[in-house]
1. Could you tell me how far the Cα centroid of the range 161-222 sits from the Cα centroid of the range 1-39, in Å?
2. Net charge near Asp31, counting Lys/Arg +1 and Asp/Glu -1 over other residues with Cβ under 11 Å of its Cβ?
3. How far is helix 217-231 tilted off the main Cα axis of the chain, in degrees rounded to 10, range 0 to 90?
4. Please work out how much length the chain gains when fully extended from Leu138 to Leu260, using 0.36 nm per residue of separation minus the C-alpha to C-alpha distance, in nm with one decimal.
5. Relative to the longest principal Cα axis of the chain, at what angle does helix 81-97 sit, 0 to 90 degrees, rounded to 10?
6. Semi-axes of the equivalent ellipsoid of the range 1-136: what are they in whole Å, largest first, if each equals the square root of 5 times a C-alpha gyration tensor eigenvalue?
7. Do any chymotrypsin sites (Phe, Trp or Tyr not before Pro) in the range 133-209 lie in a loop, going by DSSP, with at most 14 other beta-carbon atoms within 10 Å of their beta carbon, and if so which?
8. Rounded to the nearest 500, what is the chain's calculated 222 nm mean residue ellipticity when only DSSP H runs of at least 4 contribute -39500 (n - 2.57) each, over all residues?
Amino acid sequence: MAAAVLSSQARILVVRLSALGDVINTLPTVDALRSSWPRAHIGYAVEERNKDVIVGHPALDRVHVLERKRLRAALAAPTRWLELRRELARFVGELRAERYEVALDLQGNLKGALQTLACGAPRRVGFARGFCKELNHLFTNEHVTPPGATEKLHRVEKFLAQAAHLGAAVDAPRFRLPDFSSSRARVAQFLREEKLGEFVVLHPGASGKGALKRWPAERFGELAARIRAESKLASVVTWGPSERDLAHQVVAHSGGAARLSLATSSVLDLAALIGAARLFVGGDTGPMHLASAVSTPTVAMFGPKDPRTYGPFNARSRVVLRGEPGAARMQDISVEDALTAVRELLAALESPSDTSVWTSAALQ
C-alpha cells in the first residue's frame, strides 16, 4: 500500500541516536527530505556524543539532544532517580511540543522505538520485521522493506528507503554537514605550523566495542613510512577520546614519517582535517564515514563487518579485505596489502576515467 502523501508543510522527526558512522550515513536522508519538502518542519533526535554533525545542520529546524551519559549516571545512582525522571519527562515533552506528524525510526532497535513512540507522531515509519532489532517493528505502524532485500545494501541506501517511502526523491544522495568554517581555520593554522602541504590522514582507532575492527599500531606506523618513501606524503595520525596513546604508538613506529594531529575539540574539527587531506586510511569507524561526507579519497580496512553494508559510500575509495566479507580478520591484512590499496587509489586519482566504487586490494 502506498504511503499517504505528506503536506508541503509536514512536521517530520528523524530518529537516529547513535552511532557516529550511522548518524553520518543518515545525512543523505535528511537532505532528501529537505529537498523534497522545502517548507516542512524537520527535527532530529540524537545522543549528545553524536550531535556535532547534526546541530546546526542546514536542513534541520530543530535538534533534540538526548543526554545519554548523564542519564546513565543518574540511572546508576538511586539518589538521582528523581533527576532521571525529570530529565526524561523534559525530553519527551520537548518532542511532543513539536507536534510531529510523522517520525522516521532510523535507529531500528528498542532504543529508537521508544523515542519514536514518545514523540506522539501518528505516523511512525520503521523497518519491516527482519530488518530491525529488539522487536522494533512492534512500535511502528508503517513498515519499510529496503530495496534489494536479499542483497547486501549499504546503510545510506537502507536509510534512504524510509524517505522514499514518504515520496522523497532519493536518486542523488548527498552529504551535507553543519557549517565548520571555524574548524577549517583551526586546521589551517595547524597545517601552517607543521609546514604540511599534501598529507595522508591515518586513523588507527575504533570504538571501545570495536576492538576487532582495529589494525595494529605498528602496521599503521610502517605504512606511514612506506607511503612517505614512495610518494613523499607525510601522514597525520588522528585520535579521539582515550586514543592518544594509540596515536603516539603509530607515530613512534613510523620512523618520523607521521606526526600527531591537533587535539580535535569536535567531530567537525576532524572533518576539516580529513577534508584537507589527500587520502584517508583507517578501519570501519565513524571517521571513515566522515571521510565520505567530505569526499576525501578513502582506503578502508575491513575485518568482521561486511564492507558492502558498512564500507565507505564514496566513489573514490578502496576496501582492503583478507577473507570473506563479514567474516575476515584485521590481523590478516598486511602492510603490503594496505600499501597496494594506497598505490591503486593514488594512481586512480590521477586518472579521472577510473569509476570503480570499491575493490579488495587483498583477497584470500
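Every read-out reported here was derived from the displayed coordinates using simple, explicitly stated rules and does not represent laboratory data. Computed from a predicted model, the values in this text were never measured in an experiment. Methodologically, a virtual Cβ is constructed for each residue, glycine included, from the backbone with ideal geometry; neighbour enumeration extends over all protein chains shown.
1. 22
2. Combined, the nearby Lys, Arg, Asp and Glu give +3.
3. With both axes taken from Cα atoms, the answer is about 60 degrees.
4. Taking 0.36 nm per residue and subtracting the Cα distance, the gain is 39.2 nm.
5. 80
6. They are 25, 16, 15 Å, listed from largest to smallest.
7. none
8. Computed mean residue ellipticity for the chain: -11000 deg cm²/dmol.
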